[in-house]
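To keep things clear, I will list the structure first and then write my remarks on it.
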Amino acid sequence: MLINVEDYRKRAEKRLPRSIFDLIDGGAEDEITLKRNRAGFEQISLVPRILANVEGRDQSVTVLGNRLEVPFLLAPTGGAKTCWPNGDVLAATGAHKCGTIFIVSTYTGSSLEEIAERAPGKKWFQLYIWRDRSLVKSLVDRAKAAGYEALVLTLDYPVPALRERDVRHSLVLPPKITFKNALESLLHPLWVKRLMFSPSMSMGTLAIAPGVSGKDLKSTSALIKKNIDPSVTWEDLKWFRSIWSGPLVLKGVLSPEDARQAASLGIDAIVVSNHGGRQLDAAISTIEILPEIVEAVNGKTEILMDGGIRRGSDIIKARALGAKAVLIGRPYLYGLAANGGPGVDAVLNILKTEVDRTMALLGISKLSDLNKSYFRYHK
Ligand SMILES: Cc1cc2nc3c(=O)[nH]c(=O)nc-3n(C[C@H](O)[C@H](O)[C@H](O)COP(=O)(O)O)c2cc1C
């Protein structure tokens, strides 16, 4: 029976070959941060009120001027294509049905144009600041032309982290059936069949970018490797402001000093994020640092957060500690891997229902009612 996000995780584990499940589920090195993200939520207790008339409940929020039906957005991930063919289009469609926004990663399987065309609703585009600035500018121009409403710059990726599960599997993308993984493939015939009967796995947005030599995953991966730029500084944000006039969001903020600087530069929103424990291992959990960031920013920029959200009550805790809304990454990928589009819909619906139930049990009718009196920390 699939009644919560963890059930979908377990179903995804069954449906995907081990190396693909680990690609999605795993974190960097010892996965300390991956675990901390979850543990951080467990250290917060909710303090409910009684006799609070919770009959008419409303979990909608406004993020960068957009009214969302639910207090969560779908995080950018490059993982959907490995879970299900057209996984990005299905996830974007699910986000729209749920009344929220899908953030399209630079690494999606379908191109940013195809996702905009095939999936209705508002979308934001995520990108990295790469060495080849003309390539970056071409992506920004394409996102603008396709109607993307905000740009999310991911800044916690100066170098790739070591995800040791992937190293141990000698993971190659697109996946190939080899002698080593033949048994895994035999055990997952439906996944293999979907892989074989769908267009070969690629990174749709990059495959049609100017100056890219080959459209296959190997060529685009080589392009990315060559372009990762560890020399990026705050100065580079000025250039972004000159090529993009819409809302700018910085993702990967963990330090209150960086948050304060982002706010002072007029950045529209920040995402308190450690990339779901996939970059710096031993990094602080996002829910732990969130209150310090809220204090540092002092209302000057909108604050989103992600990492480890698996329950509606986690979303309520993040809101209570000062985040406007949260992003969810792996949960919708588990939904996709378990059951394609309906799996995404089910996961989003579970989270929405859990938020609603938590609000009722906590004694609040709208999220703006939340304040410090509704929780305590315990160690
Ligand atoms: C498989 C996978 C791929 C990801 N790819 C990207 C990406 O392309 N760009 C990005 O900014 N973040 C990426 N992330 C990080 C997510 O945007 C988000 O920060 C993280 O998943 C949140 O943690 P959660 O998975 O515990 O919800 C990825 C995460 C996963 C699990």
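Check off (1) away from the ligand (no atom under 14 Å from the Cβ); (2) touching a Gly at 6+ places or on another chain (Cβ under 9 Å); (3) part of a helix (DSSP H, G or I); (4) over 18 Å from LEU223 (Cα atoms) for GLY121 and give me the number that stays unchecked.
The failed condition is (3).
If you take the residues of the stretch 201-260 that are in a helix (DSSP H, G or I), surrounded by 17 or more Cβ atoms within 10 Å (Cβ to Cβ) and hydroxyl-bearing (Ser, Thr, Tyr), which of them is nearest to the ligand (Cβ to nearest atom)?
Across the stretch 201-260, the extreme among qualifying residues is THR205.
Can you tell me which residues in the stretch 21-59 are farther than 29 Å from ARG357 by Cα and either more than 16 Å from the ligand (Cβ to nearest atom) or at pLDDT below 95 (or both)?
ASP30 - this is the single residue of the stretch 21-59 that is farther than 29 Å from ARG357 by Cα and either more than 16 Å from the ligand (Cβ to nearest atom) or at pLDDT below 95 (or both).
Can ASN4 be described as under 25 Å from ALA325 (Cβ atoms) and within 14 Å of the ligand (Cβ to nearest atom)?
Judged against the criteria, ASN4 is not a match.
Which ones in the stretch 293-347 are away from the ligand (no atom under 14 Å from the Cβ), under 18 Å from ILE267 (Cα atoms) and not in a loop (DSSP other than H, G, I, E, B)?
Matches in the stretch 293-347: ILE293, VAL294, GLU295, ALA296, VAL297, GLU302, ILE303.
Which is at pLDDT 95 or above, under 18 Å from the mean Cα position of the chain (by Cα), over 17 Å from LEU206 (Cα atoms) and not aliphatic (A, V, I, L, M), of THR93, THR62, THR77?
Values: THR62 fails: under 18 Å from the mean Cα position of the chain (by Cα); THR77 fails: over 17 Å from LEU206 (Cα atoms).
Exactly one residue qualifies, and that residue is THR93.
When you go through GLY322, GLY307 one by one, which is the residue that is small (Gly, Ala, Ser) and closer than 20 Å to ILE103 by Cα?
GLY307
Just give me the residues in the stretch 142-186 being of a type in the set (D, E, K, R) and touching a Pro at 6+ places or on another chain (Cβ under 6 Å), in sequence order.
Hit for the stretch 142-186 is GLU184, nothing else.
The values are calculated or read from the model by the stated rules, or taken from the named source; none is laboratory data. Bear in mind that the values here come from a model prediction, so they are computed numbers and not experimental data. Because the Cβ atoms are built from the backbone with ideal geometry, glycine has one as well, and the counts that use them run over all protein chains shown.
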